[in-house]
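Single-structure report; data block below.
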Amino acid sequence: MTEPMAGQPAERLSARAFLALLTDDFTELPHPATLPDPDGPLGWQGYDASRARAAARTGEEESVVCGTGHVEGVRAVLLAFEFGFLGGSLGRGTGDRLEAAYTYAREHRLPVVPLVATGGSRMQEGMLALTQLQRVARQSALTREAGLPQIAVLRDPATGGGWATLGAGADVVLALPGAQVGFAGSRVRPPDADPAAYTAEAQVAAGSADAVVPAGELRGTLGRWLRLLTAPSDDPAPVPAPLGAGDLPETGWDAVRRARAPERPRAGAYLDAYFTHRVALSGDRCGGTDPEGMLCGFGAHAGRTVAYAAQTGTATRPAGYRTATRLIRLADRLGIPVVTLVDTPGAANDAQAERQGVGAAIADLFGAVASVRTPVTTLVIGEGGSGGALALAAPGATWATPDSYFSVIAPELAAAILKRPPEEVEATAGQLRLRPQDLTELGVTRTGDQLFPGTGDRRSEERM
């Protein structure tokens, strides 16, 4: 399969050719027989002839091929659309096959991988075709409730209801370069619509898809995702080792200066040291991304899967909080432990952040951390600025490195609110008791030999 030029869709492969790109042992599942109607349920003249031509051209009897296969060692249920069969459109027969495949996946505890290439619902079957989207949505919801991952691959095109259910409704969304992706297909858009908005790349930028993956890399990438998302664990994630200063700060202002130092290790360094490999979850599924403020994904640590949400030292934007919430809730459904890294001067507080609902985004993250059943481990690695940092911290399972601080408010802002002159900022930092050792004494964070050698875990000792 040749790779496309920038902005151009990949070569359209048949459903079975695309399956061969991902797995060497695809086995088609038995599918229910669809009751024949002369020219379909609406009696649409010529519909039978159209289906016969599509079958002769593609060798398929319906617009989707469903079966199982191993992708890089992980067995999954694969749902491959055949665009050559009436544009990969969804009809009653498509719905029958998809429902049977999802049911099989739940019965055998297998992940589901939709390989989407569809133009939408089949007009010749009218509303009965459109209601197949409800069937698909229910099957997806039942599979989600069963704790099984769904990873969609968007081929060309992925439009209409197929994109709005099997594609956008998946836990992780990968896409081929240049693929046409959008709710509106090319023939039903406004004539002045910007075609660049209906691409895989645009959907990633808008937070609706996670990554664009070249066809030649797809098997390996999909395999990594499947391995990571099908490895649940009940044990909490170990606390990452500190990478910066080893001695505790003497004063509150010392702690602040250390945390703000440009040379201090940031989230990327911690993630690289903690994981042998990782894959990134991107976007809040509400039209936004925050790649400069929040890093989210899943990785392999000491032979098991750990999810991560890590602030990068900048003011976190609403999309960053929503992406972290999405990550934590997905990890909870799949039974995967989470590690969070706190490092932000605070939540973004500009007018745009307010318009994007920063308060609601933080509230949702607080709720997610408070309600998940999977264990969450938190390490403060830099600045812990007010509620915008606390939302990512696990109650009772938060540690702090020697070059970090956690405060109800930044010392400068505290001094301003108290109407103190600038020269009193440093003293105010001390009064806030924001040093790592202060936080432990206050019972806000925990400590131990892995962070502060020789201290033990004071809170654990007190409970004994």
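The values are calculated or read from the model by the stated rules, or taken from the named source; none is laboratory data. From a predicted model like this one, the values you see are computed outputs, not experimental measurements. Quick reminder, even Gly has a Cβ in these numbers, built from the backbone with ideal geometry, and neighbours come from all protein chains shown. SASA here: full protein model, heavy atoms, side chains in, ligands and nucleic acids out. Shrake-Rupley method; radii C 1.70, N 1.55, O 1.52, S 1.80 Å.
Taking the inverse of the mean 1/r over every pair of distinct Cα atoms in the chain gives a Kirkwood hydrodynamic radius of 24.0 Å.
Computed from Cα positions, the angle between helix 215-229 and the longest principal axis of the chain comes to roughly 60 degrees. Its Cα centre serving as origin, the chain has a Cβ charge dipole (Lys and Arg +1, Asp and Glu -1) of approximately 660 debye.
Solvent-accessible surface (1.4 Å probe) assigned to Thr377 amounts to roughly 10 Å².
Taking only Cα atoms, what is the 0 to 90° angle, nearest 10, from helix 47-58's long axis to the longest principal axis of the chain? With both axes taken from Cα atoms, the answer is about 70 degrees. When the helices in the chain are scored as -39500 (n - 2.57) per DSSP H run of 4 or longer and the sum is shared across all residues, what 222 nm value do you end up with, to the nearest 500 deg cm²/dmol? Helices in the chain give a 222 nm mean residue ellipticity of -10000 deg cm²/dmol. Scaled against 2.2 N^0.38 Å for its residue count N, the alpha carbon radius of gyration of segment 21-143 is 1.06. Counting charges near Pro375 (Lys, Arg +1; Asp, Glu -1) among other residues having Cβ under 11 Å from its Cβ returns a value of -2.
Bridges between two residues of segment 118-267, per DSSP, are antiparallel at a rate of about 10%. Farthest towards the positive end of the charge dipole of the chain, among the residues Ala49, Ala15, Gly84, is the Cα of Ala49, using unit charges on the Cβ of Lys, Arg, Asp and Glu. In terms of accessible area, using a 1.4 Å probe and ignoring ligands and nucleic acids, Glu99, Glu441 rank largest first as Glu441, Glu99.
Site pair Arg260 and Ala196 shows an inter-label distance of 3.8 nm when each label is modelled 7 Å from Cα along Cα→Cβ. The angle between the Cα long axis of helix 132-145 and the main principal axis of the chain comes to about 40°, on a 0 to 90 degree scale.
The order of Glu28, Glu426 by accessible area, most exposed first and with a 1.4 Å probe, is Glu426, Glu28.
Between segment 32-94 and segment 311-390, the alpha-carbon centres lie 43 Å apart. Counting alpha carbon pairs within less than 8 Å and at least 6 residues apart, what relative contact order, in whole percent, applies to segment 335-409? Reported relative contact order: 40 percent.
Less than 17 Å from a label point 7 Å out along the Cα-to-Cβ axis of Glu292: which backbone N atoms in segment 236-271 qualify, by residue? Hits in segment 236-271 for Glu292 at 17 Å: 267-268. Phi angles of segment 384-397 translate, via the Karplus equation with coefficients 6.51, -1.76, 1.60 and θ = phi - 60°, into HN-Hα couplings of x, x, 6, x, x, 9, 4, 4, 8, 9, 7, x, x, 9 Hz per residue; Gly and Pro are given as x. The solvent-accessible area of Phe183, taken with every protein chain present and a 1.4 Å probe, is close to 140 Å². Model label sites at Ala20 and Ala100, defined 7 Å from Cα along the beta-carbon direction, differ in position by 2.4 nm. On full extension, the segment bounded by Ser233 and Arg355 gains 40.1 nm, given 0.36 nm per residue less the C-alpha separation.
In segment 58-127, inverting the average of 1/r over every pair of distinct C-alpha atoms gives 12.5 Å as the Kirkwood radius. Segment Ala55..Arg304, full-extension length gain: 85.1 nm, with 0.36 nm per residue of separation and the alpha-carbon distance subtracted.
For the set Cys296, Cys286, solvent exposure ranked by accessible area (probe 1.4 Å, protein chains only) runs largest to smallest as Cys286, Cys296. For segment 253-393, the spread of Cα positions along the three principal axes, ordered from largest to smallest, is 40, 34, 23 Å. Segment 393-446 and segment 127-166 have their alpha-carbon centroids 47 Å apart. Once the Cα-Cα distance is subtracted from the 0.36 nm per residue extended length, the Thr131 to Ile417 segment shows a gain of 97.2 nm.
In this structure the amide hydrogen of Ala158, modeled in the peptide plane, comes within under 5 Å of the amide hydrogens of Thr118, Gln180, Val181, Gly182, none closer than 5 places in sequence on its chain. Averaged over every viewing direction, what's the projected area of the C-alpha convex hull for segment 102-244? Give it in nm², one decimal, please. If you wrap the Cα atoms of segment 102-244 in a convex hull and average its projections, you get 12.1 nm².
For the chain, the carbon plus sulfur part of the accessible surface works out to 55%, probe radius 1.4 Å.
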